[in-house]
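Participant: The structure under discussion is supplied below as C-alpha cells; questions concerning it will follow.
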Amino acid sequence: MEFTQQKWYAVYTRPRWEKKVSESLMKMKIANYCPLMKVQRQWSDRKKIIHEPLFTSYVFVHIDESQQLPIRSTSGVINFVYWLGKPAIIRNEEITTIRHFLNDYENVKLEKTQVNVNDKVRVIGGPLMEKNGQVISVKNNMVKVMLPSLGYMMYVEMKSSNVEIINQSSSFINTHPSITPKDKIPF
C-alpha cells in the first residue's frame, strides 16, 4: 500500500457557488476551506453583516490525489485550478496565513497588482528561486529581472507568475501571481 499525503488544492466553482460547494464537500466528508469575509450590506430598511467569499469562484480542498474525481463531479465545481498541466498545490503556510489574516483583520479586500518596472521582486519559481532582484521591463506575461551576482548583473526573462513583489518598507510580500482556472494559481 502506497502512502499518499493530503495537500491543499484550489477548486474553481461556478460563480456564486462557493458556499454551496463547500457545504457539499463537507457532506462528503472532504476537508475544505472557503475563506469568508464580513461585509456590511445596506438595504432600504436595514443594514446587515453578511459573509462573502474572499476569493470569488474558489474553494480550497485538503485531499490526496485519489479524491480528485469525486470533487470534479460535485455540483457547482468546474475543475481544479491547474499550474503547469497539473492541479496546483497550495502550501499549508498559505492557507494558515489566509486564516490568520481573516481572524485578525476586518474589511479585508483582495486587489490584483501588476508587476511594474523598478519593483523589487523575489523569484518564486525555477532555478533562481528565492533570489531577489529588480524588474527592468515588462512585456505581456514576461518580466526582465536584474539579479546582482558575483559582481555582475544578470538579466533574466521569466513569466510574471514566477516573481512576487517585495514591499520596500518591510519584507512582507504583498502580491501573488494572478489566478486563472487553467494555468495559474495565486500564492
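The values are calculated or read from the model by the stated rules, or taken from the named source; none is laboratory data. Note that this is a predicted model, so its numbers are computed, not measured. For neighbour counting, all protein chains shown are included, and Cβ atoms are generated from backbone atoms with ideal geometry for every residue, glycine included.
Participant: Going by the conditions given, is V39 among the β-branched types (V, I, T), in the same structural domain as A88 (by TED's automatic domain parsing) and touching a Lys or Arg at 6+ places or on another chain (Cβ under 9 Å)?
Facilitator: no
Participant: Taking the condition of being closer than 18 Å to Q68 by Cβ, surrounded by fewer than 19 Cβ atoms within 10 Å (Cβ to Cβ) and among the hydrophobic types (A, V, I, L, M, F, W, C), how many residues in segment 1-19 meet it?
Facilitator: So the answer is 1.
Participant: Take V39 and decide whether it is surrounded by fewer than 16 Cβ atoms within 10 Å (Cβ to Cβ) and either polar (S, T, N, Q) or not in a loop (DSSP other than H, G, I, E, B) (or both).
Facilitator: It is true that V39 is surrounded by fewer than 16 Cβ atoms within 10 Å (Cβ to Cβ) and either polar (S, T, N, Q) or not in a loop (DSSP other than H, G, I, E, B) (or both).
Participant: I'd like the full set of residues that are over 18 Å from P15 (Cβ atoms) and modelled with pLDDT of 90 or more, limited to segment 49-63.
Facilitator: V61, H62, I63
Participant: Then there's this: Collect the residues in segment 24-40 that are farther than 20 Å from R99 by Cβ and either of a type outside the set (K, R) or touching a strand residue (DSSP E or B) at 6+ places or on another chain (Cβ under 6 Å) (or both), keeping them in residue-number order.
Facilitator: S24, M28, Q40 - these are the residues of segment 24-40 that are farther than 20 Å from R99 by Cβ and either of a type outside the set (K, R) or touching a strand residue (DSSP E or B) at 6+ places or on another chain (Cβ under 6 Å) (or both).
Participant: Out of E93, E65, E18, E23, which single residue is of a type in the set (D, E, K, R) and in contact with a Cys (Cβ under 6 Å, 6 or more places away or on another chain)?
Facilitator: E18
Participant: Additional query: Mind counting the residues in segment 16-36 that are under 23 Å from the mean Cα position of the chain (by Cα) and either at pLDDT below 90 or outside any helix (DSSP H, G or I) (or both)?
Facilitator: Number of matching residues: 9.
Participant: Given the structure, is T74 within 18 Å of V21 (Cβ to Cβ) and of a type outside the set (A, V, I, L, M, F, W, C)?
Facilitator: yes
Participant: Another question, if that's okay. Among the candidates S66, S22, S44, which residue alone is closer than 20 Å to K7 by Cβ and either among the β-branched types (V, I, T) or surrounded by fewer than 16 Cβ atoms within 10 Å (Cβ to Cβ) (or both)?
Facilitator: Only one candidate passes the filter, namely S66.
Participant: Among the numbered criteria (1) touching a Lys or Arg at 6+ places or on another chain (Cβ under 6 Å); (2) at pLDDT 85 or above; (3) within 26 Å of K7 (Cβ to Cβ), which single criterion is violated by V123?
Facilitator: For V123, the exception is condition (2).
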